Amino acid sequence: MSIFLDALHYSILSFVPTISLKPSTFPAWYTKELKELVFAKSRAHAKYKSSQLLSDYKLFSLLRTKFKFISKQCYRNFASRTESSLLRNPRYFWSFIRKNRSIPSIPSSVTLHGKQSTSHSDTANLFTTHFSSVFAQPSPISSQTLRSISHFSLPSNAHFLISDVYQCLCSLRNIKSIGPDGIFLSALKLGSIRPILKSGDPTDVTNYRPITILPHLSKLFETLVLNSIRPSLNHILIDEQHGFRPGRSTVTCNLSLHSYIFDSFRNKCQVDVIYIDFSKAFDRVDHNRLMSTLASIGIGEPLLS
């Protein structure tokens, strides 16, 4: 891994041009015309302050009035385009909403079980304590592994071509967050944790969930392996499984349920539904038992490792 990273960094330093990007200080809705008007207004104001002539003041006043009118118009147009983009590009819409919220996403001071933070490092430590506490510790697996539930002809390796790698690279959007080192990490399992408020009091650390920002190399490798093994795994999943499957979602799940309910009502049958919500379900997955279960259904080495 270190050899690959060394080669990668050398290639970047040798062949990737370095450019400096200066973020714009103007709001997102400022058009080129409005920006030029800002500079013209500033020049007219400076000229009036220097000359104190009525003619210069009238010019400045005219530009100021024009700026206010066009600024409001640009903002309305921008807001309208943003609202209309909710269906086709919801990420862009919610990004605009988050940037224009009056309060920060994480308060300056948070609490965990009565302990209050007084600095940024205290806040980070409280989040670390909470996020690490919710994960279930892996249980020891005895020498007698889980008995084979039903052995399927499942893959023992993942195979992909250079063209597959290129296709995955092209599918990465530039909005994806980079790793802490700016490119990749030396270990693929390392990442940056970002707290996201789920609900409730934003000063209470227990109301947040962690989102891991992984390096691109880890995401790329994960996608390649998943695309390679998915055809073999897809046929053993029950048809009622809608989560994390391509072409399926909560919408398809609800459509199937509604169809079943309507058919039952039409046949004058009773329908009982039980909803279960597991608290922090993903955090409580026992990885040792998960690996043992995967081995019992036929996943082989070296893919299992």
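The values are calculated or read from the model by the stated rules, or taken from the named source; none is laboratory data. Bear in mind that the values here come from a model prediction, so they are computed numbers and not experimental data. With ideal geometry, Cβ positions are generated from the backbone for all residues, glycine too; neighbour counts draw on all protein chains shown. In case anyone asks, the SASA skips ligands and DNA or RNA and just uses the protein heavy atoms, side chains included. Shrake-Rupley method; radii C 1.70, N 1.55, O 1.52, S 1.80 Å.
Some points to look at:
- Matching residues, region 67-91, being in a helix (DSSP H, G or I) and open to solvent by 100 Å² or more (accessible area, probe 1.4 Å): K68, F69, K72, R76, R81, E83, R91
- Flag for I261 being hydrophobic (A, V, I, L, M, F, W, C) and at pLDDT below 85: no
- So S296, is it hydroxyl-bearing (S, T, Y) and either under 27 Å from the mean Cα position of the chain (by Cα) or modelled with pLDDT of 85 or more (or both): no
- The set of residues from region 188-215 being under 25 Å from L304 (Cβ atoms) and open to solvent by 40 Å² or more (accessible area, probe 1.4 Å) comprises L188, K189, L190, T212, L214.
- Residue ID - farthest from A158 (Cα to Cα), chosen from residues in region 211-231 that are under 16 Å from the mean Cα position of the chain (by Cα) and among the hydroxyl-bearing types (S, T, Y): T212
- Checking each residue in region 2-13 for being open to solvent by 60 Å² or more (accessible area, probe 1.4 Å) and over 26 Å from the mean Cα position of the chain (by Cα) picks out S2, I3, F4, D6, Y10, L13.
- With respect to the conditions (1) under 25 Å from C74 (Cα atoms); (2) assigned to a helix (DSSP H, G or I), T25 lacks only one, and its number is (2).
- Enumeration of residues in region 155-185 that are open to solvent by less than 90 Å² (accessible area, probe 1.4 Å), among the polar types (S, T, N, Q) and modelled with pLDDT under 75: S177
- Residue match in region 241-254 (condition: open to solvent by less than 70 Å² (accessible area, probe 1.4 Å) and within 30 Å of I162 (Cβ to Cβ)): yes
- Residues within region 216-225 that are open to solvent by 50 Å² or more (accessible area, probe 1.4 Å) and not hydroxyl-bearing (S, T, Y), tallied: 2
- Scanning region 64-96 for residues that are more than 19 Å from P27 (Cα to Cα) and of a type in the set (A, V, I, L, M, F, W, C) yields L86, L87.
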